[in-house]
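The values are calculated or read from the model by the stated rules, or taken from the named source; none is laboratory data. All figures in this text were calculated on a predicted structure; none of them were measured in a lab. Don't worry about glycine lacking a Cβ; one is built from the backbone with ideal geometry, like all the others, and counts go over all protein chains shown.
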Amino acid sequence: MGQPLSRPVRWASAIERANNAKWELQSLRDQLIETYEKFEDQWTNERKNFDTALGDLVHLQHDYASSTVLADPNTAERQDYVTGLNFEKMLDKIPDLGKIIEPLKKFNPSETSDFDTLDDAQVTPPKWYGRDK
């Protein structure tokens with residue numbers, strides 16, 4: 001079995017991995033925001049279309065519920081079924097992309113001082129005799 005890596009070597013490795021991951025996250029963030037901007041209008045329009053169509057269905061259900069059913073049991077059964085569907089639970093369930101993307105827009109490692117600690121940590125930590133090589 002090989003000699004374990006010293007703490008300074010592991011330190012430098014961890015700093016390098018953290019920095020690589022930070023920049024990869026930055027890149028992925030930028031790609032997600034770019035994709036979001038491409039689809040924002042389309043998503044918003046389809047979200048509104050969906051909510052409008054559901055609103056129409058709810059209105060039609062109320063219309064069916066207030067209609068008098070003739071003696072036809074088949075019609076009464078279909079009326080009960082149609083009026084029993086729960087479209088209202090779907091209203092406003094499609095997320096607003098603006099609210100979803102907001103935390104991602106705020107995450108920006110290249111502009112946030114919180115991530116400066118990684119730069120500050122790029123020092124050679126102390127070596128202890130007998131423990132670190």
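Go through the range 13-40 and give me each residue that's within 30 Å of residue 131 (Cα to Cα) and free of Cβ contacts under 8 Å to residues at least 60 places away in the same chain.
The initial filter retains those residues of the range 13-40 that are within 30 Å of residue 131 (Cα to Cα), namely 13-21.
The answer is 13, 14, 16, 17, 20, 21.
Condition check ((1) closer than 30 Å to residue 17 by Cβ; (2) in contact with a Pro (Cβ under 7 Å, 6 or more places away or on another chain); (3) of a type in the set (Asp, Glu)) across all residues:
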| site | (1), (2), (3) |
| --- | --- |
| 44 | no, no, no |
| 47 | no, no, no |
| 66 | no, no, no |
| 73 | no, no, no |
| 118 | yes, no, no |
| 132 | yes, yes, yes |
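Which members of the range 72-122 meet the condition of being in contact (Cβ under 8 Å) with a residue 60 or more places away in the chain and either surrounded by 11 or more Cβ atoms within 10 Å (Cβ to Cβ) or in contact with a Ser or Thr (Cβ under 7 Å, 6 or more places away or on another chain) (or both)?
So the first thing to find is which residues in the range 72-122 are in contact (Cβ under 8 Å) with a residue 60 or more places away in the chain, and the list is 97, 101, 104-105, 107-110, 115, 118, 121-122.
97, 101, 104, 105, 107, 108, 109, 115, 118, 121, 122 - these are the residues of the range 72-122 that are in contact (Cβ under 8 Å) with a residue 60 or more places away in the chain and either surrounded by 11 or more Cβ atoms within 10 Å (Cβ to Cβ) or in contact with a Ser or Thr (Cβ under 7 Å, 6 or more places away or on another chain) (or both).
In this structure, does residue 54 turn out to be touching a helix residue (DSSP H, G or I) at 6+ places or on another chain (Cβ under 8 Å), farther than 20 Å from residue 110 by Cα, modelled with pLDDT of 90 or more and surrounded by 10 or more Cβ atoms within 10 Å (Cβ to Cβ)?
On the way: touching a helix residue (DSSP H, G or I) at 6+ places or on another chain (Cβ under 8 Å): yes; farther than 20 Å from residue 110 by Cα: yes; modelled with pLDDT of 90 or more: yes; surrounded by 10 or more Cβ atoms within 10 Å (Cβ to Cβ): yes.
Taking the combined requirement at face value, the residue satisfies it.
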For the range 1-51 the number of residues that are surrounded by 11 or more Cβ atoms within 10 Å (Cβ to Cβ) and among the polar types (S, T, N, Q) is 6
